[in-house]
Amino acid sequence: MSNLNSILIEWNIVRDPQYRTTPKGTPVCTFSLASNRYFTGDNGLEREVSFFQVETWRKLADACNNKAKKGRGVRVVGRLKQDRWQGEDGKPRSRISIVAEHVEFRPEFKKGTRQITEENAE
């Protein structure tokens, strides 16, 4: 049986991206997305918010560093990655993030006009 590790998520960036290079000079850009899920609960329509950390590498990292900003809508296609480490208290810790293979930016509307700019990064 083949393994499948794929995710597609679309929502808004919640803070400006962080850009860095590895010791070998490879560009890395990370940003966080928030995704809302609405459902009917005991109190009527309820909202569940989830936050996801996204990593981009190389040319995609450069493109995201130039185009990504807080509030911008994006569609991310990638895979899940789990990082594991030991905390200062000696207990094991882990975090799941998304390693992006493709990032598509939603059109931006210029404030006060109906002009749209479209940008995509691959």
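Just want the ordering: 69, 59, from fewest to most Cβ atoms lying within 10 Å of their own Cβ.
Least to most surrounded, the residues fall as 59, 69.
Could you tell me which label, among (i) 54, 51, 38; (ii) 34, 29, 25; (iii) 53, 27, 18, carries the value of Cα extents along the principal axes in Å calculated for this structure?
Read-out from the structure maps to (i).
Taking Cα centroids, how far is segment 43-74 from segment 82-97 in Å?
23 Å
With a 10 Å Cβ neighbour count serving as the proxy for reagent exposure, in which order, fewest first, do 94, 50 appear?
Ordered from fewest to most neighbouring Cβ atoms within 10 Å, 94, 50 come out as 94, 50.
Pop the C-beta distance of residue 26 and residue 108 into the FRET formula with R0 = 25 Å and round what comes out to the nearest 0.05.
Efficiency for this residue pair is about 0.30.
For segment 49-114, run through the GluC sites (Glu not before Pro) and keep only the ones in DSSP coil with at most 15 other Cβ atoms within 10 Å of their Cβ.
88
Readers should treat all values here as calculations from the given coordinates under stated rules, not as data from a laboratory. This one's a predicted model, so the numbers in the text were calculated from it and none came from an experiment. Note: ideal-geometry Cβ built from the backbone for every residue, glycine included; neighbour counts use all protein chains shown.
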